[in-house]
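Trainee: One structure, as structure tokens, below. Some questions next.
Values in this text are rule-based calculations from the coordinates and carry no lab data. Source: prediction; values computed, not measured. Reconstructed Cβ throughout: ideal geometry from the backbone, glycine too, with neighbour counts over all protein chains shown.
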Amino acid sequence: MADTPAEYIQHHLQNLVYGAHPDKGWIIAQTPEEVKAMGFWAVHVDTLGWSLFMGLIFITLFRMAAKRAVTGVPTGLQNMAEMCIEFVQGIVKDTFHGKNPLVAPLALTIFVWVFLMNSLKWIPVDYIPGLAHAMGLPYFKIVPTADPNGTFGISLGVFLLIIFYSIKVKGIGGFTKELSFTPFNHWALIPFNLFLEIIGLLTKPLSLALRLFGNMYAGEVVFILIALLPFYVQWGLNVPWAIFHILVIPLQAFIFMVLTVVYLSAAHEDHH
């Protein structure tokens, strides 16, 4: 797949991109230059595909657990599903101070979905790209959360919900007043307040997306660097790093979920 370490690293960090090239039409990009030429019309096929696949696994597992649910002491899949639900419900109950039946299911979906996407990092870095290369695909990146397009897509959805519920609960006038008179309640400082509040509002999706992407991308880079080492050295480093990610992977899903609940809770607070 690559002749030099630099090419190997570049190969594993490139997405499979399908898009409209200004000179070649709709193609699968073979080089980073072709991806750049596509501009906005560049679709990261691997990120979208694995995100949808992990979402389908989530829906399938929890649907199976619901259909097979029995009274008494739960076992197996039902036990796992109930543990996740009770865990998320506890977090939402302690963190969310409004009334919205959507928040708990949303938090559960985000937690499990992000966890499943992060967990793809446990697959050795050469397996899926090697299989894709054998099928004639130039690049293939397996972890959706190691792609900023994937994490920004989720955080953008959360951001739209924040704006929607801020307006729904407070009204357009209340939301505008909150932006205009916070933190300084004086009409002369409205421009300064607006600047601070809008910046603070925009940093919410940025912090969600970049925190998840940064942690997953950095972990992926370390796995790739370890894979470049001699085989007898890889096991001494790869196994501890993979064990470390047993903590990192659920932790990042937990942080994304908690921050989403916190931001939505703030959107439901009506101070007027």
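Trainee: Compute the helix-to-body angle for 190-227: its Cα long axis versus the longest principal axis of the chain, expressed 0 to 90° and rounded to tens.
Mentor: Tilt relative to the chain: about 20 degrees.
Trainee: What does the charge add up to near T176, with Lys and Arg as +1, Asp and Glu as -1, over the other residues with Cβ less than 15 Å from its Cβ?
Mentor: It works out to a net charge of 0.
Trainee: HN-Hα J couplings of region 56-70 from phi, Karplus 6.51/-1.76/1.60, θ = phi - 60°, integer Hz, Gly and Pro as x?
Mentor: Once θ is set to phi - 60°, the couplings for region 56-70 become 5, 4, 4, 4, 5, 5, 6, 5, 4, 5, 5, 6, 9, 4, 10 Hz.
Trainee: Name the most mobile residue of V112, V143, V233, meaning the one with the largest mean-square fluctuation, in a Gaussian network model of the chain with Cα contacts below 10 Å.
Mentor: It is V233.
Trainee: Please turn the phi angles of region 133-140 into ³J(HN,Hα) values with the Karplus equation 6.51 cos²θ - 1.76 cosθ + 1.60 (θ = phi - 60°), one per residue in order, whole Hz, x for glycine and proline.
Mentor: Here the 3J(HN,Hα) series is 5, 5, 8, x, 8, x, 9, 6 Hz.
Trainee: Rank F184, F223, F152 by how far each Cα sits towards the positive end of the charge dipole of region 5-267 (+1 on Lys, Arg Cβ; -1 on Asp, Glu Cβ) and give me just the farthest.
Mentor: Checking the options against the dipole of region 5-267, the answer is F184.
Trainee: Using only helices, what value at 222 nm comes out for the chain when you add -39,500 (n - 2.57) per DSSP H run of length 4 or more and divide by the total residues, to the nearest 500 deg cm²/dmol?
Mentor: Rounded to the nearest 500, it is -24500 deg cm²/dmol.
Trainee: Continuing with this model, one more query. Taking only Cα atoms and a 10 Å spring cutoff, compute GNM fluctuations for the chain and point out the largest among P124, P101, P148.
Mentor: Largest GNM mean-square fluctuation: P101.
Trainee: Once you list every other residue whose beta carbon is under 14 Å from the beta carbon of W241, what net charge do they have if Lys and Arg are +1 and Asp and Glu are -1?
Mentor: Residues close to W241 contribute a combined charge of 0.
Trainee: Using the alpha-carbon centroid of each, what span in Å lies between region 70-85 and region 198-243?
Mentor: 32
Trainee: How about K121: which lysines have a C-alpha closer than 19 Å to its C-alpha, ignoring those fewer than 8 places off in the same chain?
Mentor: Qualifying lysines at Cα under 19 Å: K141.
Trainee: Follow-up question, since we're still on this one. Reachable lysines from K67, Cα under 29 Å, same-chain residues fewer than 8 places away excluded?
Mentor: Output for K67: K93, K99.
Trainee: When only DSSP loop residues count, what chymotrypsin sites (Phe, Trp or Tyr not before Pro) in region 23-70 have their Cβ near at most 16 other Cβ atoms within 10 Å?
Mentor: F40, W41
Trainee: Among A107, A81, A209, which one moves the most in a GNM of the chain with springs linking Cα atoms closer than 10 Å?
Mentor: Greatest mean-square fluctuation among the candidates belongs to A81.
Trainee: Can you quote the Å³ per residue value for the convex hull of the Cα atoms in region 5-267, rounded to an integer?
Mentor: Enclosed volume per residue, from the Cα hull, is 186 Å³.
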